[in-house]
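The values are calculated or read from the model by the stated rules, or taken from the named source; none is laboratory data. What you are looking at is a predicted structure, and each value in this text was computed from that prediction instead of being measured. Heads up, the Cβs are rebuilt from the backbone with ideal geometry, glycines too, and the neighbour counts pull from every protein chain shown.
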Amino acid sequence: MWLTQLLERNRQCFADRVALVDEHRSVTWSEFAERTAELARGLAGLGIARGDRVAVLSQDRIEVLECYFALARLGALFVPLNHSLAVPEVAGIVERVGAVAVLGESDLLDRHPVLPGSVRIRLAFDKPAFAALGTVAAPVELPVLPDSEPVAVLHTSATTGRAKGVTVDEGSFRAIGLGWLAVARPDDHVVMVNCCPLYHGSMVVSLTYLAAGATVVLLPGFTPQKALAAVERHRATHMWLVPQMLRFMLRAKASHSTDLSSLREVLYGAAPMPPDVYADAVARLGCGFRQVYGMTEVGGPFVTLGPDEHPAPAEVAERIPCGRVVPGMSARAVDRTGREVPRGQIGQIVVRGPGLMQGYWDDPAATREVFLDGWAQTGDLGFVDEDGRIHLVDRSKDLIIRAGQNVYPSEIERALLAHPAVRDAAVVGVPDEDYGEIPLAYVVAEDGTGERELLTHLAGNLAPYKRPRRIEFIDQVPRNPAGKIIKKLLRDGD
Amino acid sequence: MSTIRELLVELTGTSEYADTLGDDVDLAGSGIDSGDLVRLVLLVEQRTGVEITAADMETLRTIGDYESFLADRAVAGSSGGA
């Protein structure tokens, strides 16, 4: 009921104030609540019912959130799809969750003319049939659902090479939302430009600011120019982005000619903040910074470092601490056995609390694997300082974070190995100034196999952000006696 | 090779992508990463000194659009325009 209660409260308190803005229009809280109820009835009229999965393929726009809230009212599960995924990746997700409907933008839906057999409804946001949904349907009684009702399946990159669906319920949103509201204290005068995609776990940040009655401005894909223009046009007080977006924004010429004086706080997360970007941003933006540390499996943002806790740029040696865990959640550093390590000692960061996911969709083995005595393992290595702040130092998982998007090397290796001429493959992350990290592939292939051929093969199977820019051909992938790839040798040899 | 194609080669690290694109192909739908499109705009600004605004971005979809935009700016610049 969290999402419904959020709407009911904000409609009551801020009826005529703007809730959402996108590049096409804006809606007030009253309009948002009415359309959500209408849409829920319309979708129910199409036969979508409690427990059904509905995939959404769209750039950020108001209809995405209307669907999110409408499906929650029905007890149907929202399954947002990364629109940059390749055709087989989208088909794989839709098939695994058994989606009964796919909703989205026409041009994106058109890229997927053939969808798995479970899909019986296909509706485009920009067509009259979607706008008419619920406006003429007979009234449908909308159920009152408990917080334990699953509400979304959010997909993350996975070591298996196939995206894993993280099933979250409204209790998770409520727990994270209330914890966040208690420490970050956004209010109904906040106007937040959301630069992050709504298909990502990071969308919980926007949900949380909406819960406070804030106005959220959605961008249809990030560009520095659009983000800067949105801040000026809407007199935005807050922005939510990944550090690489901030780097691009500060590099754009428009950053010098745009009025950014309304900005009070820049929220950043999903990747470490490069010290040079932070120093530049502090000097030029003159606002506060809030770090967001989160993970989809944990319900989203569960740790934050507020503006008052941020160090001066000159004091940042390598990394800014992540901050303290939000009220209602627990986090600690543990050794390999799951025992808590002393303050200041490095261990794996694990998390517990009502924000945690219910589990991976249809994958109990993976769910068991991620939990250690009831604590979710983040795969991040770090320590807790004397003031309870979490500091990250490394990753225990073999993961590449490219501009805030997680990419498991195994996913790329698997795609490479599917090419008939590839005998072995290994992928490592290498530093990149613009993206933080990018994948680099090492391949053992049949004679005569070219880089172009393999890159073309990958283009048909992987989203652009997962594709390596370069492929190095080698005679043998270094492996230890157990057959595991020795990636350090590849990284050091590059 | 045109300026924009040269920049695409620089960004993608290979001439293969830029070589296969027609002047009127929508770059966003061409398989290039969205981050690389952002970098293309920044690189155009850096190399030409021209500021690209959010409104300009609406019109810049293809290599041909970029080339026309830069040609217009060059004419405006040489005739003392904005």
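Using the structure shown, decide if A:Thr160 is modelled with pLDDT of 95 or more and either more than 26 Å from A:Leu43 (Cβ to Cβ) or in a strand (DSSP E or B) (or both). No.
Of the conditions (1) within 26 Å of A:Asn82 (Cβ to Cβ); (2) not in a helix (DSSP H, G or I), A:Gln476 fails just one. Which one is it? All conditions pass for A:Gln476, except number (1). Here segment A:414-445 is the region considered, the condition is being in a loop (DSSP other than H, G, I, E, B) and among the small types (Gly, Ala, Ser), and the residue that is surrounded by the most Cβ atoms within 10 Å (Cβ to Cβ) is A:Ala421. The number of residues in segment A:239-257 that are out of contact with any strand residue (DSSP E or B) (no Cβ under 8 Å at 6 or more places or on another chain), aliphatic (A, V, I, L, M) and under 27 Å from A:Ala214 (Cα atoms) comes to 3. Which one is farthest from the other protein chains (Cβ to nearest Cβ) among residues in segment A:236-281 that are of a type in the set (D, E, K, R) and free of Cβ contacts under 8 Å to residues at least 24 places away in the same chain? Ranking the candidates gives A:Asp276 first. Quick check on segment B:27-44. Is at least one of its residues in a loop (DSSP other than H, G, I, E, B), away from chain A (no Cβ under 12 Å) and either buried (at least 16 other Cβ atoms within 10 Å of the Cβ) or touching a strand residue (DSSP E or B) at 6+ places or on another chain (Cβ under 6 Å) (or both)? There is no residue in segment B:27-44 that is in a loop (DSSP other than H, G, I, E, B), away from chain A (no Cβ under 12 Å) and either buried (at least 16 other Cβ atoms within 10 Å of the Cβ) or touching a strand residue (DSSP E or B) at 6+ places or on another chain (Cβ under 6 Å) (or both). The lone criterion from (1) part of a helix (DSSP H, G or I); (2) away from chain A (no Cβ under 14 Å); (3) not basic (Lys, Arg) left unmet by B:Glu58 is number (2). Of everything in segment A:446-482 that is aliphatic (A, V, I, L, M) and surrounded by fewer than 18 Cβ atoms within 10 Å (Cβ to Cβ), the residue that is farthest from the other protein chains (Cβ to nearest Cβ) is A:Ala482.
The set of residues in segment A:300-328 being assigned to a loop (DSSP other than H, G, I, E, B), crowded, with 20+ Cβ neighbours inside 10 Å and touching a residue at least 60 places away in the same chain (Cβ under 8 Å) consists of A:Pro321, A:Cys322, A:Val326. Please enumerate the residues belonging to segment A:208-235 that are surrounded by fewer than 22 Cβ atoms within 10 Å (Cβ to Cβ), more than 14 Å from chain B (Cβ to nearest Cβ) and in contact (Cβ under 8 Å) with a residue 40 or more places away in the chain. Passing the criteria: A:Gly213, A:Arg235. Applying the set (1) within 14 Å of another protein chain (Cβ to nearest Cβ); (2) crowded, with 18+ Cβ neighbours inside 10 Å; (3) under 30 Å from A:Gly347 (Cα atoms) to A:Glu411 leaves exactly one unmet item: (1).
In segment B:1-24, the qualifying residues are those that are surrounded by 14 or more Cβ atoms within 10 Å (Cβ to Cβ) and of a type in the set (Val, Ile, Thr), and the one that is farthest from A:Pro197 (Cα to Cα) is B:Thr3. Of the strands (runs of 3 or more DSSP E) contained entirely in segment A:350-408, those carrying at least 3 residues that are over 17 Å from the mean Cα position of the chain (by Cα) fall at A:375-384, A:390-395.
So which residues in segment B:1-26 are assigned to a helix (DSSP H, G or I) and within 19 Å of B:Ala71 (Cβ to Cβ), if there are any at all? If the condition is that a residue be assigned to a helix (DSSP H, G or I) and within 19 Å of B:Ala71 (Cβ to Cβ), then B:Thr3, B:Ile4, B:Arg5, B:Glu6, B:Leu7, B:Leu8, B:Ala18 are the ones that fit.
Does any residue of segment A:271-287 turn out to be at pLDDT 95 or above, under 21 Å from A:Arg402 (Cα atoms) and in a loop (DSSP other than H, G, I, E, B)? No, that holds for no residue. Would you check which residues across segment B:2-22 are more than 8 Å from every other protein chain (Cβ to nearest Cβ) and either on the phi > 0 side of the Ramachandran plot or within 11 Å of the chain's Cα centre (by Cα) (or both) and list them? Scanning segment B:2-22 gives B:Ser2, B:Thr3, B:Ile4, B:Arg5, B:Glu6, B:Leu7, B:Leu8. Being assigned by TED's automatic domain parsing to the domain that holds A:Asp16, surrounded by fewer than 19 Cβ atoms within 10 Å (Cβ to Cβ) and either out of contact with any helix residue (DSSP H, G or I) (no Cβ under 7 Å at 6 or more places or on another chain) or not small (Gly, Ala, Ser) (or both) is not true of A:Ala101. With the structure loaded, tell me whether A:Leu181 is surrounded by fewer than 24 Cβ atoms within 10 Å (Cβ to Cβ) and either within 14 Å of another protein chain (Cβ to nearest Cβ) or closer than 18 Å to A:Ile62 by Cα (or both) or whether it fails that test. Spelling it out, it is not the case that A:Leu181 is surrounded by fewer than 24 Cβ atoms within 10 Å (Cβ to Cβ) and either within 14 Å of another protein chain (Cβ to nearest Cβ) or closer than 18 Å to A:Ile62 by Cα (or both). The residue of segment A:467-491 that is farthest from the chain's Cα centre (by Cα), among those that are of a type in the set (D, E, K, R) and modelled with pLDDT of 90 or more, is A:Asp475. Could you please let me know if A:Arg53 is buried (at least 22 other Cβ atoms within 10 Å of the Cβ), in contact (Cβ under 8 Å) with a residue 60 or more places away in the chain and in contact with a Ser or Thr (Cβ under 8 Å, 6 or more places away or on another chain)? No, not satisfied.
None of A:Val54, A:Val21 is under 25 Å from A:Thr215 (Cβ atoms) and at pLDDT 95 or above except A:Val21.
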